[in-house]
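Reviewing the structure listed below.
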Protein chains: 2
Amino acid sequence: MANNSADKRVTLTDVAKLAGVSKQTVSRVINDSEHVTDETRIKVQQCIEVLGFRPSALARQLSSGRSYTIGVVSCGGLGYLVSGVAYVGMVRQADKMGYALLIKELTDFSPGSVRTMLDYLIERQVDGLIWAGPEMGDSHVWLNDFDLDSLPMPMVVVNARQRGKADTVAFDNFEAGRMATQHLLSLGRKRIGHISGPMSRWVAQLRVAGWQKALDEAGLPECKEYYAEGDWEPGTGGPGLRRLLELCPKLDAVFVGSDRMALGVLHEAHRLGLRVPEDLAVIGVDDAPESAFMIPPLSSMTQDTPAMAERALRLLVRRICERRGEPYPALCAQAEDPVMHHQLVLRESTLGKS
Amino acid sequence: MANNSADKRVTLTDVAKLAGVSKQTVSRVINDSEHVTDETRIKVQQCIEVLGFRPSALARQLSSGRSYTIGVVSCGGLGYLVSGVAYVGMVRQADKMGYALLIKELTDFSPGSVRTMLDYLIERQVDGLIWAGPEMGDSHVWLNDFDLDSLPMPMVVVNARQRGKADTVAFDNFEAGRMATQHLLSLGRKRIGHISGPMSRWVAQLRVAGWQKALDEAGLPECKEYYAEGDWEPGTGGPGLRRLLELCPKLDAVFVGSDRMALGVLHEAHRLGLRVPEDLAVIGVDDAPESAFMIPPLSSMTQDTPAMAERALRLLVRRICERRGEPYPALCAQAEDPVMHHQLVLRESTLGKS
């Protein structure tokens with residue numbers, strides 16, 4: 001039990017004084033070193049007990065070179081809710097494997113800032129690093145010519161483009177865009193627009209490319225003109241839909257880059273008197289908890305962000321163990337596909353009433 | 001620059017050997033101690049540079065008793081999205097004041113588990129503690145007879161009931177329930193039901209009590225029967241509304257404990273052919289980004305959860321500085337009200353079309 005206030009934290013020196021031995025000797029007893037006589041060991045242990053001395057975890061880390069801490073660098077900015085969900089997944093998975101997370105946020109991605117952040121985490125002696133996206137603009141460019149072997153610990157990159165030899169766990173957002181569009185095509189829709197997330201985002205770029213690919217495959221390249229850029233949030237769904245209708249008044253379907261924007265699209269369609277899906281089929285991405293309860297219920301693509309974060313954690317702990325030649329914890333004993341996949345969830349907004 | 005791999009991390013011993021001095025002397029140079037001659041200091045510094053030795057942050061923490069790390073214990077379970085949002089707020093605020101967060105999750109609140117968690121964080125020498133809610137069941141009961149002075153660092157409790165002398169930052173959810181109900185009363189509604197979050201949650205209990213209080217004040221105690229319990233999620237909004245309509249077929253308004261459940265209520269009202277707000281006025285809590293785009297747009301109570309988390313961080317850093325007799329960082333120089341308030345945001349679901 002901790003019953004020492006800040007003012008009177010018992011130190012190694014206190015124990016050494018009371019036991020009449022050197023600090024090194026106390027340290028040897030704590031670390032189970034062999035070079036201590038039984039007599040001294042017992043004396044020191046008694047003094048530790050009498051004083052209520054708590055051997056510092058930091059001190060033990062220093063001697064073992066192991067902190068059971070994982071550094072997480074989150075790229076700041078817009079990914080607010082998503083990174084929140086990812087944090088929760090990471091915290092849980094880390095807990096299960098006996099690690100704590102040391103979380104830092106980065107908003108400036110210049111090589112100097114990245115270097116300062118890496119140095120900070122290296123000094124903290126984290127056992128491994130999670131570089132958490134979302135990738136936006138040049139946030140991950142530093143990785144292009146970075147020597148990963150120069151890091152004293154392994155790193156896993158989450159929710160960003162695969163670069164060089166970096167371990168990366170991410171969703172296949174190209175495939176998501178293609179699948180969503182193929183679903184709309186399978187319904188016989190011919191004028192299929194897209195409202196994307198911000199094009200500074202890698203994820204948004206991929207979903208656009210997947211939509212375009214499906215249109216090309218279907219022989220409908222002209223639809224690639226029916227495009228508007230949003231910001232993931234509900235507020236840009238309505239303006240996005242109005243823009244698409246200007247570009248193509250007979251638009252009959254829209255693939256929306258997030259369910260949150262799709263909510264704005266449904267709201268605007270309702271306001272304009274467009275029937276969903278009779279006049280306009282709508283599909284989003286995320287399968288948010290809200291989506292089944294929109295009016296009408298929204299077709300979407302599931303995206304299990306906490307699962308992505310958890311998988312990244314497990315991969316990192318594998319890498320940590322590999323470097324140290326230690327066996328893996330059971331949770332990360334199975335090799336896992338670093339590419340995560342979305343799945344179609346079909347509801348009224350594309351299928352109509354059943 | 002870090003260019004030593006794990007296998008060849010340069011240690012204090014390496015520096016000492018090369019400089020031909022003791023480890024203590026190297027340590028004294030690193031810590032700017034006075035008991036070193038200039039000649040020795042220069043020699044050691046040269047060896048540090050030649051070897052690329054990185055003085056360990058952990059080692060410096062050991063000597064300074066300051067880790068610039070804040071331990072965050074999150075009470076697990078259902079508070080998934082909300083705690084995600086709170087994390088993001090905390091990470092940002094901590095960053096601005098030069099602290100890292102060490103995050104741990106707790107799901108078992110027995111005194112033994114709480115003690116183990118506290119000991120873990122004490123050993124990690126965190127400078128302060130955030131005990132982050134949400135409070136559910138007996139999750140915070142351990143605080144009732146806990147001696148806060150026995151902790152070697154200050155603690156701030158977030159999103160939980162005020163207990164004893166514990167610093168606590170939380171929303172006034174009683175007032176939120178009362179205000180939402182008063183708004184429905186101000187519209188002339190007389191049969192006002194409530195769908196609450198899980199009653200194991202302190203926040204849900206308070207919102208129920210605020211709703212009841214407003215009904216009593218308005219002389220409508222019979223409405224207290226029109227009650228259903230949900231789980232915060234959209235899926236329980238519909239069943240909740242159906243239950244209220246069984247209890248009171250002429251129900252004319254409903255205060256819903258979360259905007260997510262209110263989405264389910266709007267969906268069910270639409271399905272049943274009830275006009276909102278003509279037949280049924282609906283108000284939620286959270287003012288989620290989605291709420292303005294529901295059909296119809298939802299009246300709600302803003303709840304700035306990241307702001308609550310940030311305020312808690314600032315209060316904690318004040319307490320850390322107070323204990324150490326240090327000046328506060330500018331960000332936490334102002335004393336702030338630990339009670340956070342919701343605000344009414346009125347939209348079509350109660351006001352109708354303007």
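The values are calculated or read from the model by the stated rules, or taken from the named source; none is laboratory data. Bear in mind that the values here come from a model prediction, so they are computed numbers and not experimental data. Heads up, the Cβs are rebuilt from the backbone with ideal geometry, glycines too, and the neighbour counts pull from every protein chain shown. For accessibility, only protein heavy atoms count, side chains too; no ligands or nucleic acids. Shrake-Rupley method; radii C 1.70, N 1.55, O 1.52, S 1.80 Å.
In debye, nearest 20, what is the charge dipole magnitude of the stretch B:173-303 about its Cα centre with +1 on Lys and Arg Cβ and -1 on Asp and Glu Cβ, if you could check?
220
At A:G112, with labels set 7 Å past Cα in the Cβ direction, how many nm apart are the copies from this one, shortest first?
When each copy's label point is compared with this one, the spacings are 5.4 nm.
Where a ≥ b ≥ c are the square roots of the eigenvalues of the C-alpha gyration tensor, would you call the protein assembly as shown rounded, which needs a/c under 1.5, or, failing that, prolate if a/b is larger than b/c, or oblate?
Since a/c reaches 1.5 but b/c is at least a/b, the shape of the protein assembly as shown is classed as oblate.
Would you mind calculating the relative contact order of chain A from Cα pairs under 8 angstrom and at least 6 residues apart, reporting the percent as a whole number?
The normalised contact order for chain A reaches 15 percent.
Considering only protein heavy atoms, what is the solvent-accessible area of B:L251 at a probe of 1.4 Å, reported in Å² to the nearest 10?
So the heavy atoms of B:L251 present about 10 Å² to solvent.
Based on the Cβ-Cβ distance from A:T302 to A:M199, what FRET efficiency comes out when R0 is 25 Å, to the nearest 0.05?
The formula returns an efficiency of 0.60 here.
Explain nothing, just compute: Karplus ³J(HN,Hα) = 6.51 cos²θ - 1.76 cosθ + 1.60, θ = phi - 60°, for every residue of the stretch A:178-194 in order, whole Hz, x for Gly and Pro.
For the stretch A:178-194, the Karplus curve yields 5, 5, 4, 5, 4, 4, 5, 5, 5, 7, x, 6, 10, 10, 10, x, 9 Hz.
Would you mind working out the magnitude of the charge dipole of the stretch A:83-219 relative to its Cα centre, with +1 at each Lys and Arg C-beta and -1 at each Asp and Glu C-beta, to the nearest 20 Debye?
Its charge dipole is roughly 760 debye.
To the nearest 100 Å², how much accessible surface do chains B and A cover up together, summed over both, with a 1.4 Å probe?
Working: alone 17780 and 17730 Å², together 29400 Å².
Chain pair B/A: roughly 6100 Å² of buried accessible area.
For chain B, build the charge dipole from Cβ charges (+1 Lys, Arg; -1 Asp, Glu) around the Cα centre, then report which of B:Q303, B:V73, B:L263 sits farthest towards its positive end.
Farthest towards the positive end: B:V73.
Out of residues 5 or more away from B:L151 or on other chains, whose amide H comes under 5 Å of its own, with H placed 1.01 Å from N in the peptide plane?
HN-HN under 5 Å from B:L151: empty list.
Taking the Cα centre of the protein assembly as shown as origin, work out the dipole magnitude from +1 charges on Lys and Arg Cβ and -1 charges on Asp and Glu Cβ, in debye rounded to 20.
Its charge dipole is roughly 680 debye.
Can you list the distances in nanometres, one decimal and ascending, from the A:K213 label point to the identical position in each other copy, with the point 7 Å along Cα to Cβ?
For A:K213, the other copies' label points sit at 5.7 nm, shortest first.
Towards the positive end of the charge dipole of the stretch B:98-222, with charges on Cβ (+1 Lys, Arg; -1 Asp, Glu), say which of B:L151, B:S196, B:P134 has the farthest Cα.
Checking the options against the dipole of the stretch B:98-222, the answer is B:S196.
Estimate the FRET efficiency between A:Q45 and B:A335 by the formula 1/(1 + (r/R0)^6), using the beta-carbon distance for r and 56 Å for R0, to the nearest 0.05.
Once rounded, the FRET efficiency stands at 0.75.
Per residue, how much accessible surface does chain A expose to a 1.4 Å probe? Answer in Å², no decimals. Kindly include the intermediate steps, with their values, before the conclusion.
On the way: 14680 Å² over 354 residues.
Value returned for chain A: 41 Å² of accessible area per residue.
What do you get for trypsin sites (Lys or Arg not before Pro) in the stretch A:282-354 restricted to DSSP loop and a cutoff of at most 13 other Cβ within 10 Å of the site's Cβ? Intermediate results must be reported in sequence, preceding the final value.
Working: sites: A:R311, A:R314, A:R318, A:R319, A:R323, A:R324, A:R347, A:K353; in loops: A:R347, A:K353.
Answer by residue number: A:K353.
Which trypsin sites (Lys or Arg not before Pro) from the stretch B:248-287 combine a DSSP loop assignment with at most 13 other Cβ atoms within 10 Å?
B:K250, B:R275
Determine, at each q value in 0.09, 0.12, 0.13 (inverse angstroms), the log₁₀ of I(q)/I(0) that the Debye formula gives when each Cα of chain B is one equal point scatterer.
-0.62, -0.89, -0.99
Can you give the FRET efficiency for A:L148 and A:A209, using 1/(1 + (r/R0)^6), R0 = 30 Å, r = Cβ-Cβ distance, to the nearest 0.05?
0.65
Give the distance, in whole Å, between the Cα centre of the stretch B:279-340 and the Cα centre of the stretch B:97-167.
Spelled out, the Cα-based centre of one part sits 20 Å from the other.
Show me, for the stretch B:274-282, the HN-Hα J-couplings you get by feeding each phi into the Karplus relation (A = 6.51, B = -1.76, C = 1.60, θ = phi - 60°), rounded to Hz, glycine and proline as x.
7, 8, 10, x, 3, 8, 9, 7, 10
Once amide H atoms are built 1.01 Å from N in the peptide plane, which residues 5 or more positions from B:G197, or in another chain, come under 5 Å H to H?
The answer is B:G230, B:G257.
Based only on Cα atoms, what mean projected area does the convex hull of the stretch B:224-354 have, in nm²? Working shown, then result.
On the way: hull surface 41.0 nm².
For the stretch B:224-354, averaging the hull's shadow over all directions gives 10.2 nm².
Select from B:S291, A:Q46, B:T350 the residue farthest towards the positive end of the dipole of the protein assembly as shown; place +1 on Cβ of Lys and Arg, -1 on Cβ of Asp and Glu, and compute about the Cα centre.
Working it through, the farthest residue towards the positive pole turns out to be A:Q46.
Quick check: from the Cα gyration tensor, does the stretch B:109-156 come out rounded (a/c under 1.5), prolate or oblate?
prolate
Label point 7 Å out from A:Q343 along Cα-to-Cβ: which residues of the stretch A:310-328 have amide N under 19 Å?
A:310-312
My understanding is that a pair violates if its Cα-Cα distance is over 26 Å; which of A:K17/B:K43; A:K190/A:K213; A:K213/A:K353; A:K353/B:K224; B:K190/B:K353; A:K96/A:K165 do that in this structure?
A:K17/B:K43; A:K213/A:K353; A:K353/B:K224; A:K96/A:K165
When the accessible area of chain A is computed with all protein chains present and a 1.4 Å probe, what percentage of it is carbon and sulfur?
Carbon plus sulfur share of accessible area: 51 percent.
Return the sequence-ordered ³J(HN,Hα) values of the stretch B:103-118 in whole Hz as given by the Karplus equation 6.51 cos²θ - 1.76 cosθ + 1.60 applied to θ = phi - 60°, using x for Gly and Pro.
9, 10, 10, 10, 10, 10, 10, 5, x, x, 5, 4, 4, 4, 5, 4
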